[in-house]
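Asks: One structure, pasted below without further comment.
What follows draws every value from the coordinates through simple rules; no lab data is involved. None of these values were measured; they are calculated from a predicted model. Neighbour counts are summed over all protein chains in view; Cβ atoms, including those assigned to glycine, are modelled from backbone coordinates with ideal geometry.
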Amino acid sequence: MTRIKCCGMTRVEDAVLAAELGADAIGIVLTARSKRQVSLLQASAIVAALPPFVTTVALCMDDEASFVQDVIDTVRPSLLQFHGEESDEWCAQFGHPYLKAIAMGAGAAALYQLRDHPHAAGLLLDGHGLGEAGGSGKAFDWSLMPHGMKQPLILAGGLTSANVAAAIRIARPWAVDVSSGIESAPGVKDRVKVREFIAAVRGAE
Ligand SMILES: O=C(O)c1ccccc1NCC(=O)[C@H](O)[C@H](O)COP(=O)(O)O
């Protein structure tokens, strides 16, 4: 079964709804690089409102180590997600499980990065280019998704209810991640789009 991460939550009610509709993971963006940035307080409220067995993922992007430590201590997410140019050693210093985003904007040339993060709990292949923020709605060529890697691979970038079934068929990811494809405005999730996205993933299986 393809797992589903709904990312870029800024409102408690959106996160709770997505979990009720079947999302396996909820992403919260802490970095100032995002138009979906929430405060430590808002992020903690979202985490506290979610039921057990829903994974919470706190996103940072080339942030200071002290800030990342504050996120861990205050928000207490299940996982971190590093979305910038952080090295494996840098990400691993916190001793907290994390996903590492891989910027696939350069196409096949970007695949070299996959071997650089052995300590990551999973790799999130996203459509953005190196140095660019996520949540861009940009897709990459799904046929580039590698197979046979030890780490779970999460497909992200430009997914919507209209294209996610094709993406799953082509890329065969362990999980899919969506943000702008389920929004009515940045950080505001649309109930109908969330429902349709999750139904489309389930329908693809
Ligand atoms: O969502 C953001 O605003 C964001 C900003 C900076 C770093 C990462 C960010 N999001 C990361 C995600 O995991 C998104 O869900 C992923 O990029 C997919 O977004 P979308 O293409 O909009 O579905």
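Asks: So if I take the alpha carbon set of the stretch 1-157, get Rg, then get Rh from the Kirkwood formula, what is the Rg over Rh ratio?
Replies: Values: Rg = 14.7 Å, Rh = 15.7 Å.
Looking at the stretch 1-157, the ratio lands at 0.94.
Asks: Please report 132, 85, 205, 183 as a ranked list, fewest other C-beta atoms within 10 angstrom at the top and most at the bottom. Can you show the working numbers first?
Replies: Details: 132 16, 85 12, 205 8, 183 19.
So the residues, fewest neighbours to most, are 205, 85, 132, 183.
Asks: If you don't mind, another one. When only C-alpha pairs under 8 Å and at least 6 residues apart count, what is the relative contact order of the stretch 41-119, in percent?
Replies: Relative contact order of the stretch 41-119: 26 percent.
Asks: Describe numerically, in nm with one decimal, the distance between label points set 7 Å from Cα along Cα→Cβ at residue 121 and at residue 53.
Replies: 1.7
Asks: The stretch 28-120: which chymotrypsin sites (Phe, Trp or Tyr not before Pro) are DSSP loop and have at most 13 other beta-carbon atoms within 10 angstrom?
Replies: Working: sites: 53, 67, 82, 90, 94, 98, 112; in loops: 53, 94.
Filter output for the stretch 28-120: 53.
Asks: Expressed as a whole number of Å, what is the distance separating the alpha-carbon centroids of the stretch 93-139 and the stretch 1-72?
Replies: Computed from Cα coordinates, the inter-centre distance equals 18 Å.
Asks: How would you classify the stretch 65-205 from its alpha-carbon gyration tensor, with a ≥ b ≥ c the square roots of the eigenvalues: rounded for a/c under 1.5, else prolate if a/b is greater than b/c, otherwise oblate? Please list the in-between numbers first.
Replies: Values: a/c = 1.78, a/b = 1.28, b/c = 1.39.
Note, shape of the stretch 65-205 comes out oblate.
Asks: Another question, then. Counting Lys and Arg as +1 and Asp and Glu as -1, each charge on the Cβ, what is the dipole of the stretch 3-203 about the Cα centre in debye, to the nearest 20? Don't skip to the answer; put the middle values down first.
Replies: Details: 18 positive and 21 negative charges, 156 e Å.
Dipole about the Cα centre, nearest 20: 740 debye.
Asks: So, in nm, how far is label residue 12 from label residue 39 when the simple model puts each one 7 Å beyond its Cα toward the Cβ?
Replies: Rounded to a tenth, the inter-label distance reads 1.4 nm.
Asks: Now for a separate question. Once you put a point 7 Å from the Cα of residue 147 and another 7 Å from the Cα of residue 165, both along the Cβ direction, what distance in nm separates them?
Replies: Placing both labels 7 Å beyond Cα along the Cβ direction yields 2.1 nm.
Asks: Further, regarding this structure: Do you know the relative contact order of the stretch 3-203, to the nearest whole percent, from alpha carbon pairs under 8 angstrom that are 6+ apart?
Replies: Details: 424 pairs, mean separation 39.0, N = 201.
The value is 19 percent.
Asks: Oh, and also: Considering only 158, 128, 9, whose Cα is most displaced toward the positive end of the charge dipole of the stretch 3-203, charges sitting on Cβ of Lys, Arg (+1) and Asp, Glu (-1)?
Replies: 158
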